[in-house]
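The values are calculated or read from the model by the stated rules, or taken from the named source; none is laboratory data. Remember, predicted model here, so these are calculated numbers, not experimental data. Because the Cβ atoms are built from the backbone with ideal geometry, glycine has one as well, and the counts that use them run over all protein chains shown. Only protein heavy atoms, including side chains, enter the accessible area calculation; ligands, DNA and RNA are left aside. Shrake-Rupley method; radii C 1.70, N 1.55, O 1.52, S 1.80 Å.
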Amino acid sequence: MGKNIDKPQAVYSIIAVLALVFMKIVEVKPNRIASGERFTAYEFIGWPVLLIGAGFLLIALLSLSTMNEKGLITTLAGALLFTALLYFIGQSGQAAAVDSSSIRVSFSMGFYILLVMVYLLFGHVMAKKDRYLNLEKGISLLIFITLAVFVYTGVFDEFSILKEYQIKKNQFVDSFTTHLFLSLGSVTFGSLVAIPLGYLAYRKKNLESAVMVPLSIVETIPSLSLFGILLVPLASLGRIDFFRAFGISGIGWAPAFVALTLYTLLPIGRNTLVGFSTVGRDVIEAAQGMGMSRKQIFRKIEFPLALPIIITGVRIALVQTIGGAVLAGLVGGGGLGTFVFLGLAEASPDLVLLGVIPIVLLTLTMDKMLKLLIERIRRRK
């Protein structure tokens, strides 16, 4: 019997129940500055928590089942339970704020543990790739759509993070746009440099060390140290009218953009080298025997076969860069890191989350899009 137990599903769902029942899940603060009072889910929501807890226990019991629909039922139940929990927290938050519009509701440790367990549970179910996988993915997507509807209709208006957003809405839009520019722009520019360098290292084996070693050295330099190294040359360029017109100086977007671009070179360049190196020599010789020119071999054989690995390098660089762009806030480069460091300075966790959550969602979205692109390219071979 023990061999049939889905241990990860059992562990994740039981921990979710324990967090829901015994840990403080929300904190209610009278205003932005004052400390608040923390509540368990039952203390804050009431009887609906009993149903939600029972639902997670049923998911734990499902770990004993071998039915084909287990993954679909688990995903559907998890989505309903988590969405219901957020809805009831929002409703209770509105009830708590009736007497004072300055009241703020923040999530506490218990909620974050439960959130991680739900995420791991969904990932575990979808890793099995059963016949209901597309439906399970659709259910997961439906959670985000439902939460977006809740936000739009005002269910979560008393959440502290949304109040921070309303106060800093214009700044948030500007910071998000800047973050996208720094991330996507640096990866694009880095690709234009690193892919030719990786191909050069592949074509000229005697130059491989000369190309890859400097890129590896750049990768080992700490971000803040690299900003300091770039300060002097960029400040000098900023004295020239042409560069000053683009806003290039020792601080601002320029050092962040250059540093992030430099950090993209190694993963993209290394994957380019590996991608071309995986093309079989016998394939190239067969193409030469058919009379294909060097350019034709590159265009029709080498590059298409190496492309999935090259894009994998771009994916790694992009994920790394979206997170690394947070440090742009330290040198006046803008981006969502501005909220992170401002929140740390003001001891405001919700302001930190206002910067962190979009970064996490953007990272997951870009990572998934590039993975789908890689799969599609490989299926076309």
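Condition (residue is within 30 Å of Leu182 (Cα to Cα) and out of contact with any Phe, Trp or Tyr (no Cβ under 8 Å at 6 or more places or on another chain)) applied to the stretch 272-285: is it met by at least one residue? Let's see the steps before the verdict.
So the first thing to find is which residues in the stretch 272-285 are within 30 Å of Leu182 (Cα to Cα), and the list is 272-276.
Now restrict to residues that are out of contact with any Phe, Trp or Tyr (no Cβ under 8 Å at 6 or more places or on another chain): 274-275.
Yes - at least one qualifying residue is present in the stretch 272-285.
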Fill in the blank from the handout: Residues in the stretch 81-100 that are open to solvent by less than 30 Å² (accessible area, probe 1.4 Å) and not in a helix (DSSP H, G or I) total 1
Problem - Residue in the stretch 267-317 that is most open to solvent (accessible area, probe 1.4 Å), counting only those that are out of contact with any Ser or Thr (no Cβ under 7 Å at 6 or more places or on another chain) and within 18 Å of Val218 (Cβ to Cβ) - result: Arg270
Handout entry: Breaking point among (1) under 23 Å from Lys128 (Cβ atoms); (2) of a type in the set (D, E, K, R); (3) without any contact (Cβ under 8 Å) to a residue 24 or more places away in the chain, for Glu43
Key = (1)
Completion exercise
Condition set more than 19 Å from Tyr87 (Cβ to Cβ) and in a strand (DSSP E or B), scope the stretch 1-48, selection most open to solvent (accessible area, probe 1.4 Å): answer is Arg38
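If you check Ile284 against the conditions, is it among the β-branched types (Val, Ile, Thr) and more than 20 Å from Leu197 (Cα to Cα)?
yes
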Practice task
Of the conditions (1) under 27 Å from Met126 (Cα atoms); (2) without any contact (Cβ under 8 Å) to a residue 12 or more places away in the chain, Thr66 clears all except one; give me its number.
Solution key: (2)
Practice task
Quick one: which helices (runs of 4 or more DSSP H) lie wholly within the stretch 236-328 and hold at least 2 residues that are under 30 Å from the mean Cα position of the chain (by Cα) and farther than 26 Å from Ser209 by Cβ?
Solution key: 253-277, 303-324
Fill in the blank from the handout: Scanning the stretch 190-199 for residues that are of a type outside the set (A, V, I, L, M) and buried (at least 16 other Cβ atoms within 10 Å of the Cβ), the one farthest from Met366 (Cα to Cα) turns out to be Tyr199
Practice task
Only residues that are hydrophobic (A, V, I, L, M, F, W, C) and either modelled with pLDDT of 90 or more or touching a Lys or Arg at 6+ places or on another chain (Cβ under 9 Å) (or both): list them for the stretch 370-381, please.
Solution key: Leu370, Leu373, Ile374
Exercise for the section: Go through (1) surrounded by 15 or more Cβ atoms within 10 Å (Cβ to Cβ); (2) within 20 Å of the chain's Cα centre (by Cα) one by one and return the number of the condition Leu62 breaks. Expected result: (2)
Practice task
Find all pairs meeting these conditions: Cβ atoms under 9 angstrom apart; at least six residues apart or on different chains; first residue within the stretch 286-305 and modelled with pLDDT of 85 or more; second residue open to solvent by 70 Å² or more (accessible area, probe 1.4 Å).
Solution key: Pro304/Arg380; Pro304/Lys381; Leu305/Thr278; Leu305/Lys381
